[in-house]
Amino acid sequence: MSAINIALIPLLPLASFLLLGLFGKKHFKESGGIIGTLSLLGSAGLSLWTAYNYFFVSGKVDGVYQKLEVLKIQWLEFAPGVSIDIGLLLDPISVMMLVVVTFISLMVHVYSLGYMKGEERFSIYYSFLSLFTFSMLGLVLSSNIFQIYIFWELVGVSSFLLIGYYFDKPSAVAASKKAFIVTRFADLGFLIGILILAFHAETLDFGTLIHRLTDSSSPQLHSAIAGGLFGISALTWGLLLVFIGGAGKSAMMPFHIWLPDAMEGPTPVSALIHAATMVVAGVYLVARLFPVFALSCPGALEVVMYVGAASALFAAVIACTQTDIKRVLAYSTMSQIGYMMFALGVSGYGGENGLGFTASMFHLFTHAMFKALLFLGAGAVIHYVHSNEMGDMGGLRKKMPVTHLTFLIACLAIAGVPPFSGFFSKEEILTAAFHSNKLVYGVALFTAGLTAFYMFRLYFSIFWKREYSNHGAHEEEHGGHGEAPFTMKLPLMILGVLAIVTGFVPFGEFVSSDGEALHSEFHLTMAIAPVVFGLAGIFVALMMYKSESNLPARVSSTMRGLYKGALHKFYVDEVYLFMTKKIVFNLIGRPSAWIDKNVVNGLVDAGGMFAQDGSEELSVWQSGKVQGYAIWFLVGVIALVVGFVFLAP
Amino acid sequence: MEVGLTQILLLSTALFFIGVYGFLTRRNMITMLMAVELMLNAVNINFIAFNKYLWGGKLDGVFFTIFIIAIAAAEAAVAIAIVINIYRNFGSIDAEDADSLKL
C-alpha cells in the first residue's frame with residue numbers, strides 16, 4: 001500500500017471540486033456530472049483496493065490490526081516539538097469508513113446524474129458534492145486531532161453549501177444557516193475539548209494521545225486526572241466537550257434541531273450527508289478516541305450512552321407523527337445514530353467486552369447502506385410525485401416497481417427483520433446493551449418496535465393506502481421518463497442488494513475495539529425479542545396504514561398529549577427560539593449591541609471627528625492666494641537667514 | 001568715487017527687493033512675472049559682480065548668468081502660456097481670481 005494511492009482517495013474529489021468549481025460554469029455545464037462521478041469512481045476503486053490490502057494482506061500483524069500512519073508531513077511548527085502534522089492514518093475503522101464514504105458518495109453521484117438533470121447549476125452541485133466527499137475522506141483519514149477538526153469544519157461548510165443549494169428558497173437558506181450555526185456552536189465545545197486534551201497529553205497525534213491518556217503510569221494521564229473544574233477532572237471535561245462536538249454533527253440531543261430542517265437540500269444530498277456520512281462523524285470521533293473513553297474515563301462514556309439512548313427514543317417517537325417523508329427519514333437517522341452512540345456507550349475495551357464497539361461500527365456500516373437507499377428511494381418518489389407530503393402519495397407500488405421493491409428491502413432492514421442487514425447489527429447492539437445496562441436495553445428494544453412502526457407507516461403511506469389517481473395532471477409529464485431514469489434506478493438496485501447481504505459480513509473479524517478479531521456468536525435468544533418487537537411494529541403499521549381508515553385518527557386522539565407533543569417535535573425548536581430570542585438576545589445581544597454602538601463606535605467616530613475638525617482648522621492656511629504664500633515664504637526665508645547669521649554659534 | 005563691490009551689491013539688493021515688493025503687491029500676473037524677472041536679474045548682477053571682483057581670472061559667474069538668462073526666457077514663455085490659459089478659463093489675469101482649487 002503506497003501512500004500515493006491512499007492520498008489519491010481524497011485528492012481525486014478535491015481535484016474535481018477545483019476543476020468544476022473554477023471552470024464548471026463555463027466549460028463543463030453538462031459534463032460536470034460525469035467528471036465528478038468518474039473521479040469518485042477512481043476514489044471508490046482505490047479505497048476498495050486499500051481495504052482489500054489492509055484487511056487481507058498487510059494490515060494484520062500477529063492477529064492484531066495495526067494502526068498504520070502511511071503519510072506524515074509536518075505542517076506547522078510552533079516550537080521544536082510543538083507542531084501540527086498532516087497525516088493519513090489507516091486502521092480498521094478508518095478503512096471501513098473509507099469504503100462507506102466513497103461507495104455511498106459514488107452511488108449518490110450516479111443517482112444525481114438523473115435526479116439533478118437539467119438543473120441550472122448542475123456542475124456547481126457536483127463541485128459541492130466533490131468538496132464534501134473530499135472533506136469527509138480527509139476527516140476519516142486524519143491522523144491527529146487538529147487535522148480532524150480542520151476537516152470537521154470543512155464538512156460543515158460543504159454541508160452548509162449543499163443544504164442551501166436551492167438558495168432562492170427562503171426555507172433552504174434558513175435551514176442551511178441553522179445547520180451551520182448549531183453545529184458551529186457544538187464545535188466550539190469540540191475545540192475547547194481538543195485544547196484540553198492536547199494540553200494535558202502534550203500531543204495532537206491520535207496514536208500518542210491515546211497511548212499517553214490510557215497508560216496508567218504516564219505522567220500526562222496523572223496531570224489530566226489531577227487537574228479539573230467543579231469536581232470533574234480535566235480529562236472528563238475534555239472528552240465531554242469533544243463529545244459535544246460529535247453530538248452536534250451527529251444530531252444528538254439537544255443539538256438535533258438542525259437535522260430535520262436540513263432536509264431542504266436536494267434529496268441525494270440528504271442521502272449522502274444526512275444519512276450515511278457526515279452525521280456519523282460524531283460516532284466516528286467517539287470511536288476514534290474510544291480507548292481513552294473506555295479505559296480512562298467511564299463517566300464520560302456513560303454520558304455518551306444516555307445521550308445516545310435518549311436521542312434514539314426521542315427521535316423515534318417524533319418520527320411516528322411526521323408527515324413529510326424526508327423528515328421521517330431524518331428523525332429515523334437521528335434515532336439510528338442514537339443506537340450507534342449508546343452501543344459505544346455500553347461497550348468496554350478489548351476482547352468480548354468490546355462487542356458494543358464492533359456493533360456500533362457494524363450498525364454504522366449497514367445503516368449507511370439502507371439509509372442511503374431509503375433516502376434515494378424517497379428521492380425517486382419525490383421526483384415522481386413532486387411533493388414531500390405523505391398525503392399526496394399512496395398506491396405507488398404499481399407505478400414504481402423498482403423503487404417499491406428496494407424501499408421495502410430497506411424498510412425491512414431498518415426494522416431489523418432477518419435476514420436483512422439491520423437485523424444483524426441491531427441484534428449485536430442489543431446484546432451488548434443487555435449485558436451492560438438493562439434500562440438502555442429496554443429503551444433500545446422499545447425503539448426497535450417504534451422504528452419498525454414508523455418505517456412501515458411510511459412504506460404503506462407511500463406505496464399502498466389508496467390508489468394513486470389524484471395526480472392525473474402529471475401523467476403526461478411522466479410519460480417521458482416513467483418511474484425514474486436508469487441512473488437513478490441503478491444505485492437503488494445496487495444498494496438494495498447490499499442492504500440484504502451486508503449483514504452477513506463477519507464484521508467482528510475486521511473491526512473491534514483493540515484490533516484483535518472478535519468472534520461474535522449469534523445468540524438466538526437475544527434475537528427473538530427485537531424481531532418480535534419489530535414484527536409487532538410492522539403489524540400495527542399494517543393495520544393502521546395498509547388501507548385508508550380512521551384508525552390513525554382514533555389512535556392519535558386517544559394519545560392526544562403525546563401525539564401533539566411529538567407532532568411539534570416536543571417544542572425543542574420553540575425552547576431554542578425562546579432561549580436565543582428572549583434570553584440571549586436581550587441579556588447579551590442587546591447590551592453588546594449598545595456597547596458596540598455607543599462605546600466602540602463612539603471611539604471610532606471621535607477619531608474621525610478629530611481629524612475632520614483639525615483639518616478644517618488647518619485649511620484656513622490653504623488660502624489659494626499666491627501672494628499670501630509668497631509672504632509666508634519670505635518670512636520663512638528671512639527667519640532662516642536671521643537664524644543662520646545671528647544665532648549660529 | 002570708484003564703483004566697488006559694495007555699491008553693486010547695494011544696487012542688486014535694491015533691485016531684488018523692488019522685485020519682491022512688486023511680486024507681493026501687484027495682482028496682475030504679468031506684473032508679477034515682471035517682478036520675478038527683476039529678482040532674477042538682481043541675482044545675475046550678483047554673479048557678475050562677484051566674478052569680477054573676487055575671481056577675476058575665471059568665467060564661472062558669467063556662465064551662470066548666461067544660463068539663468070536662458071532659463072528665464074524659457075520660464076517667461078511657460079509662465080505667459082499659463083497666464084493665457086488662466087485668462088481663457090477665468091476671464092481675468094488677476095492672481096486672486098484663480099482660486100478654484102480652494103475648498
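The values are calculated or read from the model by the stated rules, or taken from the named source; none is laboratory data. Predicted model, so just to flag it, every value in this text is computed and none were measured. Counting neighbours? That spans all protein chains shown, and the Cβs are built from the backbone with ideal geometry, glycine included.
May I ask you to verify whether residue A:347 is closer than 30 Å to residue A:551 by Cβ and buried (at least 24 other Cβ atoms within 10 Å of the Cβ)?
no
Considering only the stretch A:16-43, state which residues are at pLDDT below 80 and among the aromatic types (Phe, Trp, Tyr).
Selection gives A:28 alone.
Which ones in the stretch A:347-380 are over 24 Å from the mean Cα position of the chain (by Cα) and either polar (S, T, N, Q) or under 20 Å from residue A:452 (Cα atoms) (or both)?
Listed by number, the list holds a single entry, A:353.
Scan the stretch A:144-151 and give yes if some residue there is modelled with pLDDT of 85 or more, surrounded by fewer than 23 Cβ atoms within 10 Å (Cβ to Cβ) and closer than 21 Å to residue A:272 by Cβ, otherwise no.
yes
Is it the case that the stretch B:27-36 has a residue that's surrounded by 13 or more Cβ atoms within 10 Å (Cβ to Cβ), more than 23 Å from residue A:631 (Cα to Cα) and within 14 Å of another protein chain (Cβ to nearest Cβ)?
Within the stretch B:27-36 (the criterion being surrounded by 13 or more Cβ atoms within 10 Å (Cβ to Cβ), more than 23 Å from residue A:631 (Cα to Cα) and within 14 Å of another protein chain (Cβ to nearest Cβ)), the answer is no, since none of the residues qualifies.
Of the residues that sit in the stretch A:599-643 and are among the acidic types (Asp, Glu) and under 30 Å from residue B:94 (Cβ atoms), which one is farthest from the other protein chains (Cβ to nearest Cβ)?
Checking each candidate, the answer is A:617.
Which one of these is touching a Ser or Thr at 6+ places or on another chain (Cβ under 8 Å) and of a type in the set (Val, Ile, Thr): A:232, A:225?
Just a single option satisfies the conditions, and that option is A:225.
Quick test for you: out of B:9, B:5, B:54, pick the one residue that is at pLDDT 90 or above and either crowded, with 18+ Cβ neighbours inside 10 Å or away from chain A (no Cβ under 14 Å) (or both).
Within the list B:9, B:5, B:54, the selection yields B:9.
Right, residue A:135: in contact with a Ser or Thr (Cβ under 7 Å, 6 or more places away or on another chain) and part of a helix (DSSP H, G or I) or not?
yes
Look at residue A:551 and say whether it is away from chain B (no Cβ under 14 Å), over 30 Å from residue A:320 (Cβ atoms) and not β-branched (Val, Ile, Thr).
no
Scan the stretch B:93-100 and tell me whether some residue there is loosely packed, with under 13 Cβ neighbours inside 10 Å and part of a helix (DSSP H, G or I).
Scanning the stretch B:93-100, I find no residue that is loosely packed, with under 13 Cβ neighbours inside 10 Å and part of a helix (DSSP H, G or I), so the answer is no.
Looking only at the stretch A:1-30, which residues are over 16 Å from residue A:69 (Cβ atoms) and in contact with a strand residue (DSSP E or B) (Cβ under 6 Å, 6 or more places away or on another chain)?
none
Just checking, does the stretch A:7-16 include any residue being surrounded by fewer than 15 Cβ atoms within 10 Å (Cβ to Cβ) and out of contact with any His (no Cβ under 9 Å at 6 or more places or on another chain)?
Within the stretch A:7-16, not a single residue is surrounded by fewer than 15 Cβ atoms within 10 Å (Cβ to Cβ) and out of contact with any His (no Cβ under 9 Å at 6 or more places or on another chain).
Can you say whether residue B:98 is within 12 Å of another protein chain (Cβ to nearest Cβ) and either modelled with pLDDT of 90 or more or out of contact with any Gly (no Cβ under 6 Å at 6 or more places or on another chain) (or both), as far as the supplied structure shows?
Spelling it out, residue B:98 is indeed within 12 Å of another protein chain (Cβ to nearest Cβ) and either modelled with pLDDT of 90 or more or out of contact with any Gly (no Cβ under 6 Å at 6 or more places or on another chain) (or both).
Please report, ordered by residue number, the helices (runs of 4 or more DSSP H) entirely within the stretch A:187-290 with at least 2 residues that are at pLDDT 80 or above.
A:206-214, A:234-249, A:258-261, A:267-271, A:281-288
Please pick out the residue among A:569, A:625, A:564 that is in contact with an Asp or Glu (Cβ under 7 Å, 6 or more places away or on another chain), at pLDDT below 80 and either closer than 30 Å to residue A:459 by Cα or not β-branched (Val, Ile, Thr) (or both).
So the residue among A:569, A:625, A:564 that is in contact with an Asp or Glu (Cβ under 7 Å, 6 or more places away or on another chain), at pLDDT below 80 and either closer than 30 Å to residue A:459 by Cα or not β-branched (Val, Ile, Thr) (or both) is A:625.
Could you run through the stretch A:56-80 and say how many residues are within 12 Å of residue A:516 (Cα to Cα) and hydrophobic (A, V, I, L, M, F, W, C)?
2
Any idea how many residues of the stretch B:62-95 are among the charged types (D, E, K, R) and either out of contact with any strand residue (DSSP E or B) (no Cβ under 9 Å at 6 or more places or on another chain) or more than 14 Å from every other protein chain (Cβ to nearest Cβ) (or both)?
2
Just to be sure before I move on: is residue A:307 of a type in the set (Val, Ile, Thr) and surrounded by fewer than 24 Cβ atoms within 10 Å (Cβ to Cβ) in the structure I sent?
Answer is yes for this residue.
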